[in-house]
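The values are calculated or read from the model by the stated rules, or taken from the named source; none is laboratory data. Remember, predicted model here, so these are calculated numbers, not experimental data. Note: ideal-geometry Cβ built from the backbone for every residue, glycine included; neighbour counts use all protein chains shown. Heavy atoms of the whole protein, side chains included, go into the accessibility calculation; ligands, DNA and RNA do not. Shrake-Rupley method; radii C 1.70, N 1.55, O 1.52, S 1.80 Å.
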Amino acid sequence: MTPQSSSIAFTMEYPLDISIIVPLLNEEESLPELSSWIGRVMEENHFTYEIIFIDDGSTDRSWEVVSALSKDSPNIKGISFRRNYGKSAALFCGFKEAVGKVVFTMDADLQDSPEEIPEMYRMVSEEKWDVVSGWKVHRQDNAITKNLPSKLYNATARKITGIKLHDMNCGLKAYANEVVKNIEVYGEMHRYIPYLAKNAGFTRITEKPVHHQKRKYGKSKFGLERFTNGFLDLLSLWFLSTFGKKPMHFFGFTGILMFLAGFIITIALIWTKLYHQSHGLRFRQVTDQPLFYLALLAVVLGVMLFLAGFIGEMISRSSADRNSYNIREKID
């Protein structure tokens, strides 16, 4: 689902070269160093820029630090949530505010290096990539709790999405502005923004090896449950992108197969019983056979799946965005 029906041409003029969106939760120690580091890189490369800090309900002094930094620099902006909504909500609001030609996302914990920004900017602005995802080749995390689960997670994501990225969940990414204006990040879908972009028609997606640093302050806000949740989110996103506007193709087809299988098995059991009975052979009552009840279950489930697909189709056809499409260009 996309929030707009038409896209913004990449050739249009943007007021700034770069927008950097930084979601944060209880990162008061790292914010001054991060903003100073970003500012230094921007000035060295003569970029016009903005930094948008999204405070996702921090309970420390993070928002006070952001407020102080914004008074010292007109390039620093901020949004503060009243409570913790999650990274996807932070990115959604950041994307909405971003006005740079190229939009970056990066974490606030100093593990992502701003030194990578100039080259990633060039890849988007000159080589015309829609999305450039960071690839933490040498991760500075615990090998058991982070590295191994991450490799399994990314291998699964590559298989399902068809996007050949080694590190789908890397926080450091660069997007053409029109990409972030034509996707909707919700729930915990921040892990799959490249896949959201692909489904919106932005297929020029690549990656760049980036330097990954050890966490300097505090501790990680994510546990092992993120891999389980991430896998479930991936399945949801795959299903919605594949059958979201045609649910009958999945539920109806599956329901018909189950109904036919159950019906055929039931007829076969009845015919076998009648054949043996008519020829004086030994036979079992149809109702004494477990397979008969499995066949009835298949028939009932098949009908239910078909009805689920029919209801889903009715909901899809009455949806307000059923004819929402991303238009690349238009000539009148």
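Under the condition of being among the small types (Gly, Ala, Ser) and surrounded by 20 or more Cβ atoms within 10 Å (Cβ to Cβ), which residue from segment 172-219 is nearest to Leu110 (Cα to Cα)?
Applying the first criterion (among the small types (Gly, Ala, Ser)) to segment 172-219 yields 174, 176, 187, 197, 200-201, 218.
Applying the additional criterion that residues be surrounded by 20 or more Cβ atoms within 10 Å (Cβ to Cβ) yields 174, 176, 197, 200.
Numbers: Ala174: 17, Ala176: 23, Ala197: 26, Ala200: 31 Å.
This residue is Ala174.
Within segment 202-232, can you find the residues that are closer than 17 Å to Ile163 by Cβ and either at pLDDT below 75 or not in a loop (DSSP other than H, G, I, E, B) (or both)? Before the answer, list the steps.
Quick first cut of segment 202-232, residues closer than 17 Å to Ile163 by Cβ only: 202-209, 230-231.
Scanning segment 202-232 gives Ile205, Thr206, Glu207, Lys208, Pro209, Gly230, Phe231.
So Glu64 clears everything in (1) closer than 30 Å to Arg204 by Cα; (2) open to solvent by 20 Å² or more (accessible area, probe 1.4 Å); (3) at pLDDT 95 or above except one condition, right? Which one?
(1)
Output the number of residues of segment 248-293 satisfying the condition of being over 30 Å from Met314 (Cα atoms), assigned to a helix (DSSP H, G or I) and not basic (Lys, Arg).
Quick first cut of segment 248-293, residues over 30 Å from Met314 (Cα atoms) only: 265-293.
Next, only the ones that are assigned to a helix (DSSP H, G or I) stay: 265-278, 286-288, 290-293.
Now narrow it down to the ones that are not basic (Lys, Arg): 265-272, 274-278, 286-288, 290-293.
Number of matching residues: 20.
Go through segment 88-101 and count every residue that is among the charged types (D, E, K, R) and crowded, with 23+ Cβ neighbours inside 10 Å.
The initial filter retains those residues of segment 88-101 that are among the charged types (D, E, K, R), namely 96-97, 101.
Cutting the leftovers down to crowded, with 23+ Cβ neighbours inside 10 Å gives us none.
Total satisfying the criteria: 0.
Out of segment 78-131, which residues are among the acidic types (Asp, Glu), under 20 Å from the mean Cα position of the chain (by Cα) and farther than 16 Å from Trp63 by Cα? Don't jump to the end; show me each part of the working.
We begin by selecting, within segment 78-131, every residue among the acidic types (Asp, Glu); these are 97, 107, 109, 112, 115-116, 119, 126-127, 130.
Narrowing further to those that are under 20 Å from the mean Cα position of the chain (by Cα): 97, 107, 112, 130.
Once the filter is applied, which keeps residues that are among the acidic types (Asp, Glu), under 20 Å from the mean Cα position of the chain (by Cα) and farther than 16 Å from Trp63 by Cα, segment 78-131 yields Glu97, Asp112, Asp130.
Please return the ranges of strands (runs of 3 or more DSSP E) entirely within segment 74-192 where 2 or more residues are closer than 23 Å to Asp55 by Cβ.
In segment 74-192, 76-80, 100-105, 173-176 are the strands (runs of 3 or more DSSP E) which contain 2 or more residues that are closer than 23 Å to Asp55 by Cβ.
Suppose we keep only residues that are modelled with pLDDT of 95 or more, of a type in the set (D, E, K, R) and touching a Lys or Arg at 6+ places or on another chain (Cβ under 8 Å) within segment 102-127. Which one would you say is surrounded by the fewest Cβ atoms within 10 Å (Cβ to Cβ)?
My answer is Glu119.
Check whether at least one residue in segment 5-23 is modelled with pLDDT of 95 or more, open to solvent by 10 Å² or more (accessible area, probe 1.4 Å) and under 24 Å from the mean Cα position of the chain (by Cα), and report yes or no.
yes
For segment 76-116, give me each residue that is of a type in the set (Val, Ile, Thr), within 22 Å of Ile183 (Cα to Cα) and touching a residue at least 40 places away in the same chain (Cβ under 8 Å).
The answer is Val99, Val102, Val103, Thr105.
Residues in segment 233-257 that are open to solvent by 60 Å² or more (accessible area, probe 1.4 Å), in contact with a Gly (Cβ under 8 Å, 6 or more places away or on another chain) and either closer than 30 Å to Lys87 by Cα or at pLDDT 90 or above (or both): how many?
The total comes to 2.
So which residues in segment 145-196 are small (Gly, Ala, Ser) and under 24 Å from Ser113 (Cβ atoms), if there are any at all?
Within segment 145-196, the first condition is being small (Gly, Ala, Ser), and the residues that meet it are 150, 155, 157, 162, 171, 174, 176, 187.
Within segment 145-196, Ser150, Ala157, Gly171, Ala174, Ala176 meet the criteria.
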